[in-house]
Every structure is written in structure tokens, then in C-alpha cells.
Amino acid sequence: MIVDDVHPAWLPEAAFRAIGLRRVRVDGDGPLVETVRAELVGAGATLAEPADLVLALTGSLGEEGFAITRREGVTVVRAGGQAGLLYGFFEVVRMGEAAFTGEWAQRRYAPAMRRRMLDHWDNVDVHPVMGQVERGYAGGSLFWHNGVPRDLARVRSYARLLASVGINAVAINNVNVHRTEAHLLTDRLGEVAAVAAAMRPYGIRVHLSVSFAAPVTLGGLATADPLDGKVRDWWAGTTCEVYETIPDFGGYVVKADSEGQPGPFGYGRSHVDGANMLAGALAPFGGVVHWRAFVYNHRQDWRDRSTDRARAAYETFAPLDGQFRDNVVLQVKHGPMDFQAREPVSPVIAAMPATSVAVELQVTQEYTGQQRHACYLGPMWSEVLRFPLAGEADVATLADELVGVSNVGADPFWTGHPLAQSNLYAFGRLAWDPAADPLRILDEWIDLTFGPAVDRAALHEILDDSWQVYESYTAPLGVGWMVSPGHHYGPDVDGYEYSPWGTYHFADRDGIGVDRTRATGTGFAGQYPQPWSQVFESLDRCPDELLLFFHHVPYGHVLRSGSTVIQHIYDTHIAGAERAVAMRAAWERLAGQVAPDLDERVRERLDEQVRSAAQWRDQINTYFLRKSGVPDTEGRHIYG
Ligand code: BDP
């Protein structure tokens, strides 16, 4: 076990107590099997007979699957591959004493998604605007400090945490590839190799974000045109060197033609041309390219239906289905806009049946309180993954992979807000099993992190519906945005209203919302398969929580809940801010049950959440009182 100065997260020594008391046997060889042996010894277990716990490489359970059974007083974990054995070991950790109690028939486990990946938006240098980690709320980068690599002990501990929840891939640098970071592909490749070496014992493959313009900026060529022979040769040669240095390198992540990043459009080529060219360079080595679908015009004005940002990804990619090489994975954000607290599921996920699709979630809380607000995202992700987007097929079935933007940094608690560790945990667990109940996952996390004696009810009271609480005091009914431009923290109702980013609420004195219907609006609703196209199109059938995403309505419009839009805004914002106060009070009940430094950190964050929620309430309610002129039916004081 690795001991360093950071919080052990969900793997404190106590979590290994049951295993530490046992005699164990490990059958099999290989580097990950060695990791399992080292873990067992580190936990205090003895490698001796007769064993209480046997972990064996055998059978045909796939590379990552495993089975656990207990008969005649012996717990047996069987796995087909080394990674499966490692995951089986961590399952025994999660089970605790229950793994060694009673007798039970075989239980089989296998991941639903073949790749369960975290993307870091880390920079090597401290970027003048975005800082060390773009949208990072957990201190500096895990990998670099002031432009140079950090000590890798931390990275190894991180890999261990990730493996314990089944994550098997990490992209280590920002999708916006700045000048210094571009060099990770070539002359700074040694730094990538060092990170890969630290993560390898835990079965995690390292991927790299690359710039589409690299042949020009790094290779000195005159063009990065994907159909140019010299460009193709450059990528082939460069990729070959990458694999000579890192034989198990995962592949490239590419943000192209998006928010200022270069891409194939710059050369009059399509995204198939661009992605397939990189895929061709990676294919001989078994690598993949994660090609992001986050492509839209961020310098637009709202002229007509064609400029709706929500439509952009589908318009660019749906016509290309079936044309990508096998080792291209189209990486699609879960919603059509950009990680708002509430969005409909992206229709692109159903539009690419002949393409590998990764659904991208944002574990880092850019738009959900920036790890200053407690906001457990498991329920949101579960809703996304279980959404029956195409007939019987839900999003988890349509997706081949799950990718999350990491919320981890150099912070001693890993995630800034210690309770945000639950999001990292839930991401891994849901990627493994998207049908898992997010509140059970939370319970598991509480148990491992805080031990069985903690006041679980208090933690559940704070976290269970914290996503809905956050939603209730921020932008209403799916309309999104209303955050301060640039850093995206705190309210600014019109901050993005008159800007070129395609992010509007269209509130005026009569009503609010974006008309995305086919009948009178942008037509975005028409990108969905049935029945969703009709459901979203219909004012009566559209779910309340997405109403303003799809419709522009008067303030007096009556929701399915029976309330009017304006009254809903007042009620939810007042109730949401009250809930933030109640969350803080619930934490008080944990006094003395958690470590003082963690307690202090959480208190400081909850104070800020209470302040910020009140600010949101006051600004949103005042804004809509002034715009609409409609008073609160309860006669409550609305600030301003
Ligand atoms: C947005 C972030 C921006 C990222 C972008 C992306 O504000 O910093 O670069 O997503 O996903 O949410 O590429």
C-alpha cells in the first residue's frame, strides 16, 4: 500500500481490515498479479496455506471480468485476465467482512463498457487564463508543477484509486493543446512515459490530447491537411516513436475545429478525413483516436434556426456515420450544449449506430458548483445512462465507452471539496455498471470512506438529492447558463445572453425559453428519434425540467406540476437556498466523527454554498420579478 500525505479517499487502511486478517493464495503471474500480491501483503494478509482467500487466473471470464464464490470457508476470486483479478481483489475490499461470511454460489462481474476513461484537462505550464488545470477546482495538476513533472508517487496512488473502481484509461493533458503541451507528443514524450509507468501496475493505459496542427507546429511542415502525404507520413512516424517509447500507449484525444482548436475544416476536409488519418497512424499498434463531437460555431449571432448551437454536433456528425475507421471513437458530450446542470440527452448518441461512441460526462464541476458546492452527480449520470433514447436501447447500451473529465488535482483531498470524491467514485462504478443504483453507490462510498460508525443518514441528507438542490437554485427548467461568463461560477442571468456563444434564455417581459420545436423554432427537437422528437416538440408532453430548453413560454404558462413558470422559479429558488442551509446543519451532526482537517474543509465549502445559493436565489428571483412584473403568490419578500 502506498502511504503519502494525501487523504486516502475511499481506500483508508480500515477498508482493508477484513482482508488483512486472512491467509491468502494468488495463482498466476504477471505485473498486475504482482500488484494484487503487493496489495494483499500491504493490507497485512499472509501468503500462506490453508488459504481463506484464493485469487486465481483461470477460466474464460474475459480480460476484465471475474467471479467470486465462497464454499467450505474459502472465498475464491477467479478471473480470465490480470485486470479482472485486480478488479476482483477490489471487489473483495468493498465487501469487507461479508466476503468472508456464509457460503454463496458464484457471482459474476464484468464491465458494461470496454473503456472507462478519465480525461484530464491539465496543462504543463500555468496557463494565463485557465491556470494549471482548465476548469480544475482541486489545486494544481497531478502530473506537472510549474512546467516540470511532479513526483510520481501521487500518480501511482491515483492510479490505485482509479483501478479500485475499474477505470482503465486516462488522458493526461488538456483537450485545448497549448504550445508547451503539444511537445508531449515528441520531445517531452519521456514525461508521458513516466506517467504511463506509474499507472501501468494498476492496469491503466495512458492517452494523450494532441493538436491537429502538430505537423506544422512540431513537424515544420507547411500544412496539416489530412490528405497530404507528408502529413500522413509525419503522423505515422511520430506515432511509431510514441509506441517505441510506450508500447501500451492508448491513443490520441482530439478536439478539432472547436473553440479555436485547429481541425480538418481549415483545409476543406471533413472530420472523417481528419479522424481516419490519425486512426490510420494508430491502427498498427492497436491504438485508438477519441475524436470529440463538441464542434460548433462559437462566434455566431442568433440569426435563424440554423444557428442553434444545440443542433451543431448532430449536423456535423450524423451524416458521417459508418465512415469512420474501427479505431475511431466519437466522443460525445452527454447533452447537446455543454455540461449544464440539466440538459436533454444528446441526439448524436442515437445517430451513430455504425460508429463507436463514447459518452462524455463532466466529473469536474464546472457548471455544478465548482467543487465549492456539494453536488453528487451520480443521479444525473444514472438518468442519462438509463435514458431510453432509441426504442429499447438506453444511452448506456448505445455507448461503447464512458469518458469523464476528471475532478482531481494536487489538493490533499484530491478533489477540493472532500465530498466531491463521491463523484469520482460514482463515475467509475457507473461506467462499470450503468444500471447500478446511484444512491447505493453513494452508500458504498460513504461506508468505505468514513467507516461503518459514521452518521450515514446525515451524509445521505446532504448528498442524495444535492444535484436537484443545485439545479433548484440555479438556472430554471433546463434553460441553462445564467453563470458568470469566463469562470462560470455564480449567477449572471444575462452574462451569456448577448454574446456569440450560442447560449441564450430569451427572457423578455412576456416569457422565457428557447423555442427548439420544428413547428416554430430551431427544429432541434427533430433530431431525436421517436417518441422523443414528439415528446419534446409538444408543450404538453415535454417534461417540466426541460421545458425551457425546448419551448419559449409566457411566465403564466402552467407546468405539468400545476405551478406557473414564474411561481416555480420563485418557489424552487427559495426552497433550494433553504436546503443549502439544511445541508450545512446536517454536517454539524457529524462533528467528532470525521478527521478535523476534512471537517474544516467541508465546513468552509458549505458556508460558501449557503452564501452562493442565497445569491443565486436573490439574483434569479429579482431578475424575473422585474422582467415579468408578476408578484409571488405567497407574498414573500423577493430581494431587490
Ligand atoms: C467547456 C469548457 C472549456 C472546455 C470545453 C471542452 O468551458 O473550458 O475546453 O468545454 O469540452 O465546458 O472542450
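Coordinate-derived values only; no laboratory data. Bear in mind that the values here come from a model prediction, so they are computed numbers and not experimental data. Here the Cβ is made from the backbone with ideal geometry for all residues, glycine too, and neighbour counts use every protein chain on show.
At-a-glance table
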{"read-out": "Under-5 Å amide H pairs with Asp248, H placed in peptide plane, nonlocal only", "value": "none"}
{"read-out": "More than 18 angstrom apart: percent of Cα pairs within segment 168-231", "value": "43 percent"}
{"read-out": "Residue-span extension gain [Ala153 to Glu497] - 0.36 nm each, minus C-alpha spacing", "value": "119.3 nm"}
{"read-out": "Those trypsin sites (Lys or Arg not before Pro) in segment 265-338 that DSSP places in a loop and that have at most 13 other beta carbons within 10 Å", "value": "Arg299, Arg303"}
{"read-out": "Residues Ile68, Ile441, sorted so that the one with the fewest Cβ neighbours within 10 Å comes first", "value": "Ile68, Ile441"}
{"read-out": "Using a Förster distance of 41 Å, the FRET efficiency for Arg560-Thr69 (Cβ separation, nearest 0.05)", "value": "0.25"}
{"read-out": "Spacing of the two label points (7 Å from each Cα toward its C-beta) at Asp400 and His178, in nm", "value": "3.3 nm"}
{"read-out": "Sorted by Cβ neighbour density within 10 Å, fewest at the top, the residues Met352, Met117, Met337", "value": "Met352, Met337, Met117"}
{"read-out": "Per-selection metrics, segment 392-460 (Cα): Rg and Dmax in Å", "value": "13.9, 44"}
{"read-out": "Antiparallel bridge percentage (DSSP; both residues within segment 1-159; nearest 5)", "value": "55 percent"}
{"read-out": "Spin-label pair Asp437/Ser60, simplified geometry with 7 Å Cα→Cβ offset, distance in nm", "value": "3.5 nm"}
{"read-out": "In segment 331-411, the GluC sites (Glu not before Pro) that fall in loop regions by DSSP, at most 14 other Cβ within 10 Å", "value": "Glu392"}
{"read-out": "At q = 0.10, 0.16, 0.18 Å⁻¹, base-10 log of I(q)/I(0) for segment 363-513 (Debye sum, equal scatterers on each alpha carbon)", "value": "-0.42, -0.99, -1.15"}
{"read-out": "Loop-located chymotrypsin sites (Phe, Trp or Tyr not before Pro) in segment 450-518, at most 13 other Cβ atoms within 10 Å (DSSP)", "value": "Tyr498"}
{"read-out": "Dipole moment magnitude, nearest 20 debye, segment 124-238 about Cα centre, only Lys, Arg, Asp, Glu C-beta charged", "value": "460 debye"}
{"read-out": "Antiparallel bridges, percent of DSSP beta bridges restricted to segment 53-116 (to nearest 5)", "value": "65 percent"}
{"read-out": "Principal axis dimensions, largest first and in whole angstrom, of segment 107-198 by Cα", "value": "51, 25, 22"}
{"read-out": "Relative contact order (percent, whole number), segment 1-111, Cα cutoff 8 Å, 6+ residue spacing", "value": "26 percent"}
{"read-out": "Largest-first ellipsoid semi-axes for segment 532-640, taking √(5λ) over the Cα gyration tensor eigenvalues, angstrom", "value": "34, 19, 11"}
{"read-out": "Modelled FRET efficiency - R0 30 Å, Asp248 with His145, Cβ distances, 0.05 increments", "value": "0.70"}
{"read-out": "Theoretical FRET efficiency, 1/(1+(r/R0)^6), r = Cβ-Cβ of Ala98 and Gln530, R0 51 Å, to 0.05", "value": "0.65"}
{"read-out": "Cα-centre dipole for the chain with unit charges at Cβ (Lys and Arg positive, Asp and Glu negative), debye to 20", "value": "400 debye"}
{"read-out": "Principal axes of segment 103-152: Cα extent on each, largest first, Å", "value": "57, 22, 18"}
{"read-out": "Gyration tensor (Cα) of the chain, equivalent ellipsoid semi-axes in angstrom", "value": "39, 33, 23"}
{"read-out": "Histogram of C-alpha separations across segment 213-324, 10 Å bin width, %", "value": "14, 42, 30, 12, 3, 0"}
{"read-out": "Under 15 Å from the Cα of Lys255 - aspartates and glutamates, other chains or at least 8 residues apart", "value": "Asp119, Asp122, Glu134, Glu181, Asp273, Asp338, Glu360"}
{"read-out": "Orientation-averaged projected area, Cα convex hull of segment 428-573 (nm²)", "value": "11.6 nm²"}
